[in-house]
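Okay, structure first, notes after.
The values are calculated or read from the model by the stated rules, or taken from the named source; none is laboratory data. The structure presented is a predicted model; accordingly, all values stated were derived computationally and were not measured. Here the Cβ positions follow ideal geometry from the backbone for every residue, glycine too, while neighbour counts run over all protein chains shown.
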Amino acid sequence: MDSPYNQIAWLLFATALIGLAALRLRQPVIVAYIIVGIVAGPSVLDWVSAHEPMELLAEIGVTILLFVVGLKLDIKLVRQLGLVALATGLGQLLFTIVFGFLICVGLGMDWVRATYVAVALTFSSTIIIVKLLSDKREIDSLHGRIAMGFLIVQDIAVVLAMMVIGSQGAAMGGDEPALLGKLAAIVGKMLGMGALVFVLMRFVLPGVLRAVAASQELLLVFAVGWGASLAAGGEWLGFSMEVGAFVAGLSLASLPFREAISARLASLRDFLLLFFFIHLGTQMDLGSLGAELPSALVLSLFVLVGNPLIVMAIMGYMGYRKRTGFMAGLTVAQISEFSIIFVAMGVALGQVDASALGLVTLVGLVTITTSTYMILYSHRLYAWCEPWLGSFERKDPFRERALETPPTACDVIVFGMGRYGRRIAELLRADGFRVLGVDFDPEMQVRRAGDDLPVVFGDAADDEFVAHLPLSSVKVVVSTLKDVDTDVGLLSALRRHGYAGVITATAHTPGNGHRLVAAGADAILMPYKDAADNAARRIGLSIQQGGTA
């Protein structure tokens with residue numbers, strides 16, 4: 001396998017196989033990429049000798065990653081960042097940096113390495129969190145929205161951190177007056193670049209994008225070319241490529257084509273980033289990794305437990321229920337790809353050694369792997385931890401309670417006002433029943449403001465909320481929720497509070513249906529099966545009648 005092409009081909013094939021195993025284990029593919037690199041590296045099979053092509057692809061992948069981050073940080077979105085997201089994000093960053101630094105010093109690290117590692121521990125993976133919450137249909141829930149808010153704060157913080165160390169790297173060397181002069185020159189260059197980009201963003205880029213958007217392929221090529229050009233320009237001006245790529249993305253973030261560009265870049269970003277993690281894995285020495293294992297386990301425990309606890313404490317203080325804080329807190333129980341990239345920049349600048357990168361990589365493997373299961377099984381985990389979480393909730397969770405509206409008397413309550421639940425509620429209302437909708441998305445009330453269908457904010461897993469529903473007048477409760485654990489908890493709460501009417505639950509697999517029946521559901525809806533049965537009946541009727549049904 002001397003040819004670089006052959007090496008990359010075999011690595012891609014191996015990555016696909018290991019990635020399939022990760023998929024079956026419900027793990028992010030980042031874990032698979034690093035494992036492939038370690039196995040293909042000198043410590044195990046020693047497959048890779050074409051380090052330069054791999055490193056170039058890795059650099060392009062990181063550039064596109066920072067470009068996409070900038071592309072998603074629309075200035076309007078940043079302005080709308082809520083107080084809760086800002087306070088939670090900044091509080092978690094400060095807590096993790098301070099206590100992470102103290103732990104690192106306690107483990108015998110010098111202050112520079114301790115600082116790098118502590119900062120790296122603060123960043124959570126937006127890509128992984130969005131994927132997991134989307135898979136669980138919780139991206140629009142209250143805790144999902146808050147988590148997205150403080151992940152934006154983290155994204156801004158990581159870019160600022162990279163800008164700081166990029167400036168340090170450009171200004172290294174010389175005595176103090178010369179250092180201050182270099183720093184001043186770098187700041188001046190950054191301001192000049194920012195002014196130039198602002199002028200282009202205001203007067204040039206909108207017209208250029210309108211012209212190239214006539215071809216989706218050309219739009220993609222322009223976006224990559226623009227990001228790579230500013231990344232190269234950033235390096236030429238004395239700060240890092242990552243900062244230049246971020247500025248390039250930010251310059252397009254307020255334009256109407258950003259979603260199209262982001263969607264088309266996502267696959268390219270993911271493909272090229274695999275080379276960064278594979279290349280990282282090939283640089284890992286298993287012997288040195290073994291020496292870092294005790295420190296990695298201590299720091300992993302700090303991230304897995306400490307980060308969620310501080311988020312819960314902040315959110316509880318700000319007036320949210322312990323369950324909302326718990327679910328949001330789980331999203332920061334891992335470090336991100338940015339953590340590894342951040343420390344890799346420090347290694348490239350000679351400020352920390354490669355063992356620090358190995359340590360952070362180990363922490364990443366442990367925390368990403370573990371937190372993935374924590375998020376996937378968050379409802380069961382909360383049920384287990386709930387008795388010990390009382391101190392993370394005020395006696396009056398006023399901020400979350402303010403989102404709730406007093407429910408009115410009704411005949412039917414529908415939990416989950418997505419497309420399926422909303423359609424059920426609308427048809428029942430059309431038949432003359434009084435229907436009340438319940439959803440954990442606080443925006444759902446705003447969306448339904450023009451309807452006469454009442455929708456209240458509420459958490460089906462909150463026993464107190466269920467107790468305050470007008471159950472005495474309700475004949476049927478319908479749950480269209482997608483999480484079977486939440487449904488089981490809802491069934492138990494309804495019966496515990498004396499509800500004696502019919503409960504209809506939704507299941508997407510026969511196994512879940514049997515579990516819900518065992519928990520007390522009177523009837524089971526299976527949306528895909530029911531829709532297919534109805535479609536088949538209509539098609540058969542159409543054939544019999546020789547027309548359309």
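So here's what we get for this one:
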{"item": "Members of the range 246-275 found to be touching an Asp or Glu at 6+ places or on another chain (Cβ under 8 Å) and either of a type in the set (V, I, T) or part of a helix (DSSP H, G or I) (or both), listed by number", "result": "R258, L273"}
{"item": "I8 being touching a residue at least 12 places away in the same chain (Cβ under 8 Å), β-branched (V, I, T) and over 20 Å from T361 (Cα atoms)", "result": "yes"}
{"item": "One residue from D463, D530, D459, D439 being assigned by TED's automatic domain parsing to the domain that holds G418, surrounded by 14 or more Cβ atoms within 10 Å (Cβ to Cβ) and modelled with pLDDT of 85 or more", "result": "D439"}
{"item": "Among the residues listed as G108, G174, the single one being modelled with pLDDT under 80, assigned by TED's automatic domain parsing to the domain that holds A291 and more than 23 Å from the chain's Cα centre (by Cα)", "result": "G174"}
{"item": "Whichever residue in the range 245-264 is without any contact (Cβ under 8 Å) to a residue 60 or more places away in the chain and surrounded by 13 or more Cβ atoms within 10 Å (Cβ to Cβ) and, among such residues, is nearest to A348 (Cα to Cα)", "result": "R264"}
{"item": "Hits in the range 494-519 - residues which are under 31 Å from the mean Cα position of the chain (by Cα) and not hydroxyl-bearing (S, T, Y)", "result": "A505, A507, H508, P510, G511, N512, G513, R515, L516"}
{"item": "Some residue of the range 517-524 being out of contact with any strand residue (DSSP E or B) (no Cβ under 8 Å at 6 or more places or on another chain), part of a helix (DSSP H, G or I) and either in contact (Cβ under 8 Å) with a residue 60 or more places away in the chain or not aliphatic (A, V, I, L, M) (or both)", "result": "no"}
{"item": "Which listed residue is surrounded by fewer than 16 Cβ atoms within 10 Å (Cβ to Cβ) and among the charged types (D, E, K, R), from D110, D140", "result": "D110"}
{"item": "Helices (runs of 4 or more DSSP H) contained entirely in the range 285-401, each with at least 2 residues that are farther than 25 Å from D485 by Cβ and in contact with an Asp or Glu (Cβ under 8 Å, 6 or more places away or on another chain)", "result": "337-348, 354-376"}
{"item": "Residue within the range 39-56 that is touching a residue at least 24 places away in the same chain (Cβ under 8 Å), assigned to a helix (DSSP H, G or I) and in contact with a Phe, Trp or Tyr (Cβ under 6 Å, 6 or more places away or on another chain) present", "result": "yes"}
